[in-house]
Structures are given as C-alpha cells and as structure tokens.
Amino acid sequence: MERTGFEPFGEQLVSATDAQPRSRASKLLLRAGTGLFWSLVAAIVLARAAFFEPGVYDSFSHVASLAKNLLF
C-alpha cells in the first residue's frame, strides 16, 4: 500500500508523476493573470504615493490623545 502525503493544512500532495501536462493556453492564461495582478498592485501603490497627504491623520491623533487623557 502506498503512503499518501499531506501538506500541513490537510491537502493531499500530488506527486510529479500524477501531474497533468499543462496546455499552452493554460500557461498563457496563468502568465496573463499574474501580470494583471502585479500591474494592479503597482498601480495601487503608485496611486497611494501620488495622492498621499501627510496631515490626514492629525485629527485622529488629536482625538485619540483626548480620549486617552479622559480615560487615564
């Protein structure tokens, strides 16, 4: 009887002999999806850097210090 391997979260490990060969379209779709994901990540980071306002959280820190003084 062959032992089946499991990863820490309980998923069954697939051995290299059991893996199906991926088609060309599958590889292309995977690469396109990965590229789209990372381009969106870069766009979000650049947008946050471009529109960052340092004084946005000043009022919050004022309210937080006021609440701290009232409680303690």
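The values are calculated or read from the model by the stated rules, or taken from the named source; none is laboratory data. The structure displayed is predicted, hence computed values, not measured ones. Reconstructed Cβ throughout: ideal geometry from the backbone, glycine too, with neighbour counts over all protein chains shown. All accessible areas refer to the heavy atoms of the entire protein, side chains included, with ligands and DNA or RNA removed. Shrake-Rupley method; radii C 1.70, N 1.55, O 1.52, S 1.80 Å.
Tallying residues that are part of a helix (DSSP H, G or I), among the small types (Gly, Ala, Ser) and surrounded by fewer than 10 Cβ atoms within 10 Å (Cβ to Cβ) within the range 43-56 yields 2. Figure legend. Inter-residue proximity from the range 24-49: first residues without any contact (Cβ under 8 Å) to a residue 40 or more places away in the chain, second residues open to solvent by less than 100 Å² (accessible area, probe 1.4 Å), beta-carbon distance below 7 Å, spacing 6+ or different chains. No pairs are indicated.
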